[in-house]
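Worksheet: one structure, shown below.
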Amino acid sequence: MKDKILLSIETSCDDTSLAIFKNNKLLSLKSATSLNEYQKYGGIIPEIAARSHEKNINLVLNECLKFSEIKKEDITDIAYTALPGLPGSLHVGKVYAKTLSYLLNANLIPVDHMMGHAFSFSIDNDNEIKYPFLSLVISGGNTILYLFKSSRKYIILNQTTDDAVGECLDKIGRALNLPYPGGISLDKIYNQKKSNLKCIPHLNENKSFSFSGIKSFATNCINTCKMKKTKLDSVALGSTCLKWCIDDLLMKVKFYAKKYSIKDIAIGGGVAANNLLNNEIKKIKDFNFFITEKKYCGDNAAMIGQYVILSNYKTII
Ligand code: KG4
């Protein structure tokens, strides 16, 4: 029988990422990023991201083919991130996938980026999760808690009403003059002993995710220090804000897991790489956590291909 060679393409934000699977086994994952270009702006510039995808995508494909020792003529299926994401960035990936599928006569499979993150825990992971399970996706653009009944059937239990948690951390990092992205910077400077500033908004397990309050708390503290000409303890403020975000995420996840009598909980997305989150999870004994491996937390094409495989090549979009 002919080998099934799946090429997956992820270009929803700043990472140009491609992966190749042979008969559902990951052979290669290669990425290029334009992240360094955003240091001076403190955030992603969509136009730069789209242009950098267009510049890098052929190079990344060639690297992927070389590493996996596959000829492009052997590709049978092409999956690409169709949504959500930056329109210009998504467009580059979509047009590239469509053109290749036409030229190579390969099946074209659009994928929801969020499903990629929601199932990214299963890449290179032999531990089987049991349905129904919860999957928390925490990234720069989204904070969503899903309940999956199967790979193609889910309900959304909770999502942010304003900023995504990663976006909130990035904005706090920028206000504190930390290197971009702020989420990673706050992870690095986190100090438990200093993470207990007063006046933290009240946490409520039953309410929707919302992170704009903590962002306002941070900017108010910074402005008050400026006005009163007092010294700001950036580590204390950054650590307190990070702790508040992580506590809120875990409290709500536990609330819903208990409410729906669910044992297995998956976590994916860029913020899933956070050390405080991972340490706090180790202390929780009542549930089985499936945390995405750090190298698959950020946007990557392996998660796009993995979801196609888990959904038996019948994605929902
Ligand atoms: O999943 P991702 O790469 O892109 C989106 O789809 O948004 O997530 C990027 C987000 C950024 O907000 C970044 O600050 C955050 O993930 N992030 C982290 C860590 N690594 C990345 N936040 C906290 N701790 C980290 N170690």
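The values are calculated or read from the model by the stated rules, or taken from the named source; none is laboratory data. Every value quoted in this text rests on a predicted model; they were computed, and no experiment measured them. FYI the Cβ positions are ideal-geometry reconstructions off the backbone, even for glycines, and counts take in every protein chain you see. Ligands, DNA and RNA are stripped out before the accessible areas are found, and what is left, the full protein with its side chains, is counted by its heavy atoms. Shrake-Rupley method; radii C 1.70, N 1.55, O 1.52, S 1.80 Å.
Report for region 52-153 the percent antiparallel among DSSP-assigned beta bridges with both residues inside it, nearest 5. Percent antiparallel among DSSP bridges in region 52-153 is about 55. Of the GluC sites (Glu not before Pro) found in region 43-135, the ones in coil according to DSSP and having at most 16 other Cβ atoms within 10 Å of their Cβ are GLU69, GLU128. The listed residues MET227, MET115, MET251, MET1, once ranked by accessible area (1.4 Å probe) with the largest placed first, stand as MET1, MET227, MET251, MET115. Think of each Lys and Arg Cβ as +1 and each Asp and Glu Cβ as -1; about the Cα centre, that makes the dipole of region 16-118 roughly 120 debye. Restricting the calculation to Cα atoms, region 32-84 shows an Rg/Rh of 1.08 when the hydrodynamic-style radius is the Kirkwood one.
Average accessible surface for the chain: 49 Å² per residue, computed with a 1.4 Å probe over protein heavy atoms with every protein chain in place. Given +1 at the Cβ of Lys and Arg, -1 at the Cβ of Asp and Glu and no other charges, the dipole of the chain around its Cα centre is 880 debye to the nearest 20.
Just report the Cα centroid separation between region 58-95 and region 110-154, whole Å. Cα centroid to Cα centroid, the span is 22 Å.
What are the trypsin sites (Lys or Arg not before Pro) within region 70-100 that DSSP puts in a loop, where the Cβ has at most 16 other Cβ atoms within 10 Å?
LYS71
Each Cα pair under 8 Å and six or more residues apart adds its sequence gap; the mean of these over the residue count of the chain is a relative contact order of 22 percent. Using the rule -39500 (n - 2.57) for each DSSP H run of four or more residues, divided by the residues of the chain, the 222 nm mean residue ellipticity is -13000 deg cm²/dmol.
Rg/Rh for the chain stands at 1.00; both radii use Cα atoms, and Rh follows the Kirkwood definition. For region 60-155, carbon and sulfur atoms together expose 51% of the accessible surface, with a 1.4 angstrom probe and every protein chain in place.
So which of LYS25/LYS258; LYS171/LYS295; LYS294/LYS314 end up more than 31 Å apart by C-alpha?
Over 31 Å Cα-Cα: LYS25/LYS258.
Take the cross-link list LYS259/LYS282; LYS198/LYS228; LYS2/LYS94 and give me the ones stretching past 23 Å between alpha-carbons. Going by Cα-Cα distance, LYS2/LYS94 fall outside the 23 Å limit. ASP233 exposes around 70 Å² of accessible area when a 1.4 Å probe is run over every protein chain in place.
Between amide H atoms placed 1.01 Å from N, distances below 5 Å from PHE290 occur with ILE265, ALA266, ILE267, all of them 5 or more places distant or on a separate chain. Taking every DSSP beta bridge with both residues inside the chain, roughly what % is antiparallel (nearest 5)? DSSP beta bridges in the chain are roughly 60 percent antiparallel. A convex hull fitted around the alpha carbon atoms of region 141-204 yields 147 Å³ per residue. In degrees, nearest 10, range 0 to 90: what is the angle between the Cα axis of helix 234-259 and the longest Cα principal axis of the chain? In the chain, helix 234-259 runs at an angle near 60 degrees to the longest axis. Size of region 73-127: Rg and Dmax of its alpha carbons, in Å, are 13.0, 38.
Based only on Cα atoms, what mean projected area does the convex hull of region 195-317 have, in nm²? The partial results should precede the final answer.
On the way: hull surface 40.2 nm².
That works out to 10.1 nm², a quarter of the Cα hull's surface.
Of the trypsin sites (Lys or Arg not before Pro) found in region 139-237, the ones in coil according to DSSP and having at most 10 other Cβ atoms within 10 Å of their Cβ are LYS198, LYS229, LYS231.
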